[in-house]
């Protein structure tokens, strides 16, 4: 099975962190520009709290996104330069998250779930990849 494109992987992984940085920069600019008016205080509070919420979302969910390559016999999880191979018997749960087009994978011996993107050019059909249906039947 093919892997996702690196541009898509890094865009999804660091989107919330970059957006939180933009919110923090906007709050600092408002603080410097308009100093101590009631409207600017409220806007600074909104931008700062939104930045903290987005950082929390990034650290809880999107920091666990990995590159996953699946085949008939094994699953390969790549993180930075390390690659770990798992058998299908080690999979506790594989779930499709339809609204964000991601998958969550829970493996034996791992406390946290691993999130990954489907391969580029494939669509999910009932939790499986449509391009891989023919190869799984063989």
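The values are calculated or read from the model by the stated rules, or taken from the named source; none is laboratory data. Bear in mind that the values here come from a model prediction, so they are computed numbers and not experimental data. So basically every Cβ, Gly included, is an ideal-geometry build from the backbone, and we count neighbours across all protein chains shown.
Restricted to the range 71-99, and to residues that are surrounded by 12 or more Cβ atoms within 10 Å (Cβ to Cβ) and in contact with a helix residue (DSSP H, G or I) (Cβ under 8 Å, 6 or more places away or on another chain), which residue is farthest from residue 114 (Cα to Cα)?
The extreme case among them is 74.
Is one or more of the residues making up the range 14-30 loosely packed, with under 12 Cβ neighbours inside 10 Å and over 29 Å from residue 115 (Cα atoms)?
Within the range 14-30, not a single residue is loosely packed, with under 12 Cβ neighbours inside 10 Å and over 29 Å from residue 115 (Cα atoms).
For residue 42, state whether it is out of contact with any helix residue (DSSP H, G or I) (no Cβ under 8 Å at 6 or more places or on another chain) and more than 13 Å from residue 116 (Cα to Cα).
Criteria met by residue 42.
Would you call residue 84 more than 21 Å from the chain's Cα centre (by Cα), within 22 Å of residue 107 (Cα to Cα) and assigned by TED's automatic domain parsing to the domain that holds residue 113?
no
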